[in-house]
1. Please tell me which of these pairs span more than 25 angstrom C-alpha to C-alpha: Lys18/Lys103; Lys148/Lys171; Lys133/Lys201; Lys63/Lys103?
2. Say we join alpha carbon atoms closer than 10 Å with springs in a Gaussian network model of the chain; which of Ile31, Ile53, Ile102 then has the biggest fluctuation?
3. Given a 1.4 Å probe and every protein chain left where it sits, what share in percent of the accessible area of segment 58-203 is carbon and sulfur?
4. If you average the alpha carbon positions of segment 62-106 and of segment 120-176, how far apart do those two centres end up, in angstrom?
5. Whole percent per 5 Å bin, from 0 to the bin with the longest distance: what is P(r) over all C-alpha pairs of segment 114-203?
6. Leaving ligands, DNA and RNA out of it, rank Glu152, Glu35 by accessible area with a 1.4 Å probe, largest first.
7. Once Lys and Arg get +1 and Asp and Glu get -1 on their Cβ, which of Leu126, Ala163, Gln202 lies farthest toward the positive end of the dipole of the chain?
8. How many Å² of accessible area per residue for the chain, probe 1.4 Å?
Amino acid sequence: MRPATAKPRKQPLQSRSKETFGAILEAAARILEAEGLEAANTNAIAARAGVSIGSLYQYFPDKAAIFAELIRQAETGLGDMLEKLLAHAAGQSLEDRLKLLIKAGVAQQMSRPQLGRILDYLEATLPADATLKAADERILRLIMQLLKEHEEGIARPVSPATALDVLSIFKGIVDGASFAGETNAAALESRVMFALLGYLKQP
């Protein structure tokens with residue numbers, strides 16, 4: 001049975017509470033990376049973080065809320081990065097801007113590939129959550145913004161479906177490479193670029 005919520009009980013406000021909150025999340029991430037999903041229970045996470053189980057429950061009602069916060073922070077970070085890159089590369093060609101976005105996305109995935117794979121799986125199994133949905137929608141809006149700014153050079157209709165296809169192509173190739181243990185970022189970026197331009201330039 002899925003939990004009813006995937007949100008923290010409360011957000012930290014003071015510096016010490018922020019440290020505890022962050023330590024819990026990093027402990028969960030390290031257990032997921034090193035030992036897998038089965039090992040990532042709240043007792044193990046609290047022990048790894050060096051906090052009491054009571055302290056953990058002050059912030060998170062269960063492990064699903066911890067996992068959801070890891071996903072939320074990753075997607076928020078990706079959205080922030082995309083927004084900055086799009087603003088920084090304003091006026092450049094579609095190809096140049098895509099290269100920047102692809103390079104950044106591949107680097108993020110390869111920085112902690114095992115964690116990324118597990119979080120992708122968990123995102124599909126966690127209960128519906130408005131903040132996670134909002135993070136996803138923000139990324140799609142940024143992709144739509146990029147496509148609209150280069151609409152004259154794109155053969156396909158620029159639409160939410162096209163933006164979703166772009167994101168799905170990127171994720172499909174990168175996730176597949178991650179599962180295969182690929183570490184050649186440049187080769188992966190080249191394949192993603194080839195696939196996206198092939199999709200966008202063909203009616």
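The values are calculated or read from the model by the stated rules, or taken from the named source; none is laboratory data. Predicted model, so just to flag it, every value in this text is computed and none were measured. Positions of Cβ are backbone-derived with ideal geometry, glycine not excepted, and every protein chain shown enters the neighbour counts. Please note that ligands, DNA and RNA were not included when accessible areas were found on the heavy atoms of the full protein model with its side chains. Shrake-Rupley method; radii C 1.70, N 1.55, O 1.52, S 1.80 Å.
1. From Lys18/Lys103; Lys148/Lys171; Lys133/Lys201; Lys63/Lys103, over 25 Å: Lys18/Lys103; Lys133/Lys201; Lys63/Lys103.
2. Ile53
3. After summing per-atom areas, the C and S share lands at 60 percent.
4. 11
5. The calculated distribution, bin by bin, is 2, 12, 19, 21, 19, 14, 10, 2.
6. My answer, sorted largest first, is Glu152, Glu35.
7. Farthest towards the positive pole: Leu126.
8. 53
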